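Q: What follows is a structure written as structure tokens; I'll ask about it next.
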Amino acid sequence: MASRGGWTAWVSPHCTLFAPGSSRPLAPVSGCACLRATQFSVLAALAQTGPVPTSRLALILGLERTTLTRVAKTMIRNGWLSVQQGEDERVRILAVTSAGTNVLTESFPSWKRVQDAVTRDS
């Protein structure tokens, strides 16, 4: 666990930020306890790029393909992402659903507050 200016981040593939003195993750969104930083990054990247193969998205985000696959499974189950078969049957194309867009929109203000606080305290 790392701390910076009272903000705590669990350092793991599923990094989550916590407000000072709080044990609850930031960015609660409808229908889920929290949106993890990795999930936020996936949603934000796909919102910018549009549908993209898993391997390309992993490169964009600097994640191992297997890590992204594991994260994407949860997001698909939550209804935030859809997956389509590519022209090559081995290729899976990820896209943000309308529910995923809603989650991203709802969580952005909390993400922005955390980013501003971490930047300000650095």
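The values are calculated or read from the model by the stated rules, or taken from the named source; none is laboratory data. Fair warning: this is a prediction, and the values are worked out from it, not measured in the lab. Neighbour counts run over all protein chains shown; Cβ positions are idealised from the backbone, glycine included.
Q: Which one is surrounded by the fewest Cβ atoms within 10 Å (Cβ to Cβ) among residues in region 42-65 that are in a helix (DSSP H, G or I) and in contact with a strand residue (DSSP E or B) (Cβ under 7 Å, 6 or more places away or on another chain)?
A: Among those residues, the one meeting the criterion is ALA47.
Q: Next up: Tell me which of these GLU87 doesn't satisfy, since it passes every other one: (1) within 21 Å of LEU35 (Cβ to Cβ); (2) without any contact (Cβ under 8 Å) to a residue 24 or more places away in the chain.
A: Here GLU87 clears every test but (1).
For (1) modelled with pLDDT of 80 or more; (2) closer than 22 Å to GLY79 by Cβ, each residue gets a yes or a no:
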position: GLY6; (1), (2): no, no
position: PRO25; (1), (2): no, yes
position: CYS34; (1), (2): no, yes
position: GLN48; (1), (2): yes, yes
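Q: Only one of these is surrounded by 14 or more Cβ atoms within 10 Å (Cβ to Cβ), more than 13 Å from the chain's Cα centre (by Cα) and under 18 Å from LEU35 (Cβ atoms): LEU94, LEU104, LEU68. Name it.
A: On inspection, the qualifying residue turns out to be LEU94.
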